1. Identify, by number, the condition in (1) crowded, with 18+ Cβ neighbours inside 10 Å; (2) without any contact (Cβ under 8 Å) to a residue 24 or more places away in the chain; (3) not charged (D, E, K, R) that residue B:397 doesn't meet.
2. Just to be sure before I move on: is residue A:254 touching a residue at least 40 places away in the same chain (Cβ under 8 Å), of a type in the set (Asp, Glu), under 28 Å from residue A:76 (Cα atoms) and not assigned by TED's automatic domain parsing to the domain that holds residue A:426 in the structure I sent?
3. For the range A:303-335, what are the residues that are over 22 Å from residue A:502 (Cα atoms) and not in a loop (DSSP other than H, G, I, E, B)?
4. Can you tell me which residue is farthest from residue A:360 (Cα to Cα) among those in the range A:151-197 that are acidic (Asp, Glu) and in contact with a Leu (Cβ under 9 Å, 6 or more places away or on another chain)?
5. Being without any contact (Cβ under 8 Å) to a residue 40 or more places away in the chain and not assigned by TED's automatic domain parsing to the domain that holds residue A:293 is the requirement here; does residue A:177 meet it?
6. Checking residue B:147 against (1) more than 7 Å from every other protein chain (Cβ to nearest Cβ); (2) in contact with a helix residue (DSSP H, G or I) (Cβ under 9 Å, 6 or more places away or on another chain); (3) over 30 Å from residue B:232 (Cβ atoms); (4) not polar (S, T, N, Q), only one condition comes out false. Which one?
7. Are there strands (runs of 3 or more DSSP E) fully within the range B:206-323 with at least 1 residues that are modelled with pLDDT under 95 and not assigned by TED's automatic domain parsing to the domain that holds residue B:165? List them.
Amino acid sequence: MTDRRDFLKKSAQMAAALAAANALTATEGTATAFASYAPPKSPPAAGMDPVTKDLLMEGLNAAKSGGATYADVRVGRQRQNFVFTREHQIQNVVDTDSIGCGVRVLVDGTWGFAATRIMTKPAVAAAAKEAVAVAKANRMTRGNPIELVPTPVIHDATWQSAFTTDPWSVSVEDKADLLLKANAEAMKAANVKYIFSGLFFVKEERAFASSEGSMTNQVLVRSWPLMQITAVAPDFSDFQNRGNVVPPMGRGWEYVQECDLVGNAGKWGEEASQKLKAKPVEVGRYDLVLHPSHLWLTIHESIGHPTELDRALGYEANYAGTSFVAPPEKMLGKLKYGPEFMNIQGDRSQVGALSTMGYDDEGVKPDDFLIIKDGILNDYQTTREQAAWLSWWYKQEKRETRSHGCSYAQGWDNVQFQRMPNVSLLPGEKEQSFEDIVAATDKGIAIIGDGSFSIDQQRYNAQFGGQTFWEIKGGKLGGMLKDVAYQMRTPDFWNSMDMIGGKKSYQLGGSFFDGKGQPGQINAVSHGAVPARFRQINVINTGRKA
Amino acid sequence: MSSPKRLLVRDDAPESGLLSRDDSMQLIEKANKFSKADTVETQLTSSHTGNTRFAANQASTSGSVTNVQFAVQSSYGPKHAVVVTNDLSDESIQRAVAQSELLAKLAPDDPEAMPPLGPQTYVPVSAYFESTAKLTPADRAKAAATALNPARAAGDLQAAGFIVTSENTTALGNNKGLFAYHRNTSANYQLTVRTGDGTGSGWAAADHPDWNQLDFKAVSERAIEKAKLSRTPVAIEPGRYTVILEPQAVGDLVQLVGNYSDARSADEGRSPFMKTGGGTKVGDKIVDERVTLLADPQDTQLLSQPFDGDGLPLTRQVMIENGVLKQLFYSRFWAKKQGKTATGQPQSIKLVGTESSVDDLIKSTPRGVLVTRLWYLREVDPRTILYTGLTRDGTFLVEDGKVTKAIRNFRFNDSPLFMLNNLDMIGRAVRLAGTEQGGDIVMPAIKVHDFNFTSLSEAV
């Protein structure tokens, strides 16, 4: 829903910048540490209005009378609000609103889906019939019939994400004023010539009903403050960017205020300026101390994606790829992903995280589960269709065969499928900080913030940049480095981890733009991380002359 | 839902969801009528999309979606704001106009705001094909069978693919006489076939506005053949190689050049096309003299929209001619500021090819690497358009003019500018189906020397 909006030329540039940046991250000092964050009290979500309920029922009835053995109907409304600025001026203010209804059906073990923006009973019934027709047309290509694992019926439940101030209640003047003040602070630094900044808010209302009798109504808000600061050498021989300054969160305007863009922008501007003078890195093997504002993205790419069960079984082979964590029967309980103190949790419950939801898009209440337990692969991300594929493992482990609640659709006009929950590196037992880990390191490089990132379609070989890079010598942070990227092989990388931070050092990073599926859908997801040290990682120098 | 009224109002758009030229003009006229601002500008799009997805040799998710987008921008002098809705009822249009006026009044001044464009003249492009518009889910399922049947019959092949067709319209208008309308269809097929043992993977694809131009059987056969050939790859050392990039791989890299073609960034000193000491590289030879890179809505391979997001008419625009950077692109504001003509933002890109086939490129190569496609391209250094990414779904060693073996995938760190300087040969240009950025793209296969593979990947 955010793409292909050429008219909004400035927002199109914005979208490109967002896509390029992929995600913004925390830096130390911002009020994003999960451990220190007190959950706000959200007002309760309103119950479902009777008109919406009628539409949901109409869709279910039409699907069932068309021959569906299972159906779910989602009525969704998604609003977005953007304010963009550059340097001392506004670029654009944009408010978007999209509402419609999507119907998914199972007919004779085959999926069908159709969606309409026309919010009348006849239109919703027509969409249901179209979904049935799509399923019937695909029957000829069916293999094994699709079956869903049982899930408890959820009766008329409501849920609302953790926000105290709805961004739509804040005036455009206040939003613009905050950005322009932050821009001015950043521009005080030497050679800082250009700033791009923005605020990006999403508000979603999601109503769901299934033919099994579940019905949920949810409201969620997401907020993302953006800044990219560009320093240009006076002789035009070089330019350097400092971006991805704070992460997006599943919270409201109060989060934007906590980020203190105005208070931090001066420091970020200085860092952009300092990058012009930074020493190019010498290639070689280094011990890397990775800040949570950086490590979240490495977790996303090298743990989050390869443990998606549909991907592991070839369902995303034509686009996002498959996984090295396959086949499951050779991996579960066997693959040593990392050291014994490595525990990776999947959940949709962390307060303020982007993937956090009361119920998923097939009416399942998600649970918290360990994807990696004591360094060993323990589970995958699943939906109702997929959980059955692992029943042998759950039986063996004396665990219930259930969906982990990872079904999600970008909007009413997309079919739901398995998407990433929050996937996080849990803190170690010893309470130690980023600074403590640097102090314990004789020679290495510390990386803060996420930068360039690329990984192969099975998630083995990856290359990551960052925002700022610092030499570590004798346990102390030395001068700034530039043109740093590390290349790694996923299992070797995680098994080289030898120190991790404690509870107090845990922070959320995340992205609005996790892409998967055909047609492509985006998913917003957070990753909690603690700082960690990785031994003897291959570092390359990315600087080159044109 | 928080706008229950919305749920009771039936808008008057046609049931099919697709907006004709007259529908679009009438709806834009409504916004003009409701407007109290100095200027009101509207972009209106509509689409009907159908898709069929399959994986693990069977259908997975498929669907059909109809939607519209009505985006209205109101301006009071230098103040402006945009409101977007997908509800075309009178009440909704009136609300969107009023809301954009309210936001515009509250917004700070934009010193770069430009006055609206008046009436423009466009050369229409015929990119709408009934063959595509009339498709049914059963037609798509039948096309999918060209991959599923042979893959199942083979016993040790797994097919995963995607067939998507759409009808789309775009209209732009304002209250100063501008009106532009374009409609198109699109049909796209992409297929990945993997070997049962997980050691081989092949990909092929096709794209055209006209469904009848897609040869499903040929695409399916190519992906299957690549999968078989790519089985059990051997590792060769990373390093600098002579590389034959098939059109798909060329597209992913060369398309990036367009992203850096903005004149303003070069003038501001933050572009690969700036010069140390000031000025831009326009007029300089930046790549091999055989390279010509252009955009052209009328090109029969491109058939792209003949206007940009501002409503500026688009015709043939040459960015690089015989290796020389001919122009960078000027927005209306930057053109005015620099005393230049606004160029319009190109909506397509074509690297001019020759008559040579991929086989001709292979035959002329004593030793090199043949690359089917690339994956996960990400900017590493904007100063040189240096990107990293990986090869995927069919990487082969060429020896003495022949493909001799499947090899492991590589990660590369290279720039389309470096690559087009190291050019050995250019092949025939074809329309591409699956670049990471998408769009109307036509590229040839090319052969280049010293392409920089920096590490091996075990991924298949």
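1. Residue B:397 satisfies all of (1) crowded, with 18+ Cβ neighbours inside 10 Å; (2) without any contact (Cβ under 8 Å) to a residue 24 or more places away in the chain; (3) not charged (D, E, K, R) except (2).
2. Criteria met by residue A:254.
3. Taking the range A:303-335 as the starting set, the residues that turn out to be over 22 Å from residue A:502 (Cα atoms) are A:305-335.
Once the filter is applied, which keeps residues that are over 22 Å from residue A:502 (Cα atoms) and not in a loop (DSSP other than H, G, I, E, B), the range A:303-335 yields A:308, A:309, A:310, A:311, A:312, A:328, A:329, A:330, A:331.
4. A:185
5. So residue A:177 passes the test.
6. Every condition holds for residue B:147 apart from (3).
7. Working: elements: B:239-245, B:293-295, B:317-321.
Ranges flagged: none.
Matching residues to (1) under 28 Å from residue B:176 (Cβ atoms); (2) surrounded by fewer than 18 Cβ atoms within 10 Å (Cβ to Cβ); (3) modelled with pLDDT of 95 or more; (4) touching a Ser or Thr at 6+ places or on another chain (Cβ under 7 Å):
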residue: B:61; (1), (2), (3), (4): no, no, no, no
residue: B:77; (1), (2), (3), (4): yes, yes, yes, no
residue: B:82; (1), (2), (3), (4): yes, no, yes, yes
residue: B:93; (1), (2), (3), (4): yes, no, yes, no
residue: B:105; (1), (2), (3), (4): yes, yes, yes, no
residue: B:129; (1), (2), (3), (4): no, no, yes, yes
residue: B:132; (1), (2), (3), (4): no, no, yes, yes
residue: B:136; (1), (2), (3), (4): no, yes, no, no
residue: B:147; (1), (2), (3), (4): no, no, yes, yes
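The values are calculated or read from the model by the stated rules, or taken from the named source; none is laboratory data. This one's a predicted model, so the numbers in the text were calculated from it and none came from an experiment. So basically every Cβ, Gly included, is an ideal-geometry build from the backbone, and we count neighbours across all protein chains shown.
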